[in-house]
Amino acid sequence: MPTQPTVSALRMPPTAGAGTFQDSHALIGLTLSGQSRVSFRHDGMAERSLTLGAGDIQITPPDMPHRVAWMPGSFALIRLPATFLPHEAQPRLAWRDAICEQLLRRVLHSATNPEAADALYLENLATMLGMQLMRASGHDGTARRRPLPPGIARVLERLADDPADAISLDAMAAMAGLSRFGFARAFKQATGRSPYAFVIERRIALAKRLLADPTLSLAEVAVRAGFSSQSHFTCHFRRITGVTPRAWRRMLG
């Protein structure tokens, strides 16, 4: 059956090191605290040496050979599926974006703490991070470096925390500090989807995970994923995946 792209993160050892790397994933580095001297040489580019401080972000697109040498410091490395950052994107060094930094820290926490581990939550965070990276790199048709509106980011974080929550359009608009119409328009511009379509997609993603638990009936899955009825759940599940929830469960074995 189809599998979802995966995201992973780790804290780098606080020691000096060097190496040449090439990864099928996009590599996102984040300086967690303090300062450290780092040298980068991306394929076809001159070597650059610079001092990184807390909050500095480094981005290496998928499949780009690069050499890195670093002094002891506090770093995190996040690997994002190539679908979240185009191959033609340019590498970035010592880049700052407050929303990306917040999301990177949340991804790191979720990926490295067993008690916080939740595949769906991590996937949602990665989706939000990928959207912000795409916007900032100008590959979503928006102006280069245009940030994700803070109000929309707050709503996306809420939906990532609990996609089954029965939050209304009015409540989302209030959270974003916008009128109902203004929020719907801003959300569509930011995500490419209406708020309703986005919520349904997140709930279907949650339902897929719940269907892997054979102790849950289809009706229980529907309720836990935030659908008003099993028939409502089945209708949306078939529309998005092309198969019924029962057929999807059979595919899981």
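What to note about this one:
- Each of S229 and R250 was given a label point 7 Å from its Cα along the Cα-to-Cβ line. The distance between the two points is 2.4 nm.
- Geometric extent, Cα atoms of the chain - Rg, Dmax (angstrom): 19.9, 59
- A DSSP coil position with no more than 11 other Cβ atoms inside 10 Å describes the following GluC sites (Glu not before Pro) in the stretch 32-106: E47, E88.
- Taking Lys and Arg as +1 and Asp and Glu as -1, the other residues whose beta-carbon sits under 10 Å from that of L50 total +1.
- Each Cα pair under 8 Å and six or more residues apart adds its sequence gap; the mean of these over the residue count of the chain is a relative contact order of 15 percent.
- In this Cβ point-charge picture (+1 for Lys and Arg, -1 for Asp and Glu), the chain has a dipole of about 480 debye about its Cα centre.
- Per-pair calculated FRET efficiency, R0 = 22 Å: S194 and V243 via Cβ, rounded to 0.05: 0.40
- 3J(HN,Hα) from dihedral phi, the stretch 102-110, Karplus parametrisation 6.51/-1.76/1.60, rounded to Hz, x for glycine, proline: 4, 5, 4, 5, 5, 4, 4, 4, 5
- Here the Karplus relation 6.51 cos²θ - 1.76 cosθ + 1.60, evaluated at θ = phi - 60°, turns the backbone of the stretch 15-29 into coupling constants of 10, 6, x, 7, x, 10, 9, 7, 10, 6, 8, 6, 10, 10, x Hz, with x for every Gly and Pro.
- Taking each residue as 0.36 nm, the span from A171 to S74 lengthens on full extension beyond its C-alpha to C-alpha distance by 31.0 nm.
Every number in this text was worked out from the coordinates using simple rules, so none of it is lab data. Since the model is a prediction, treat every value here as computed from it, not as a measurement. Glycine gets a Cβ as well: all are built from the backbone with ideal geometry, and neighbour counts include every protein chain shown.
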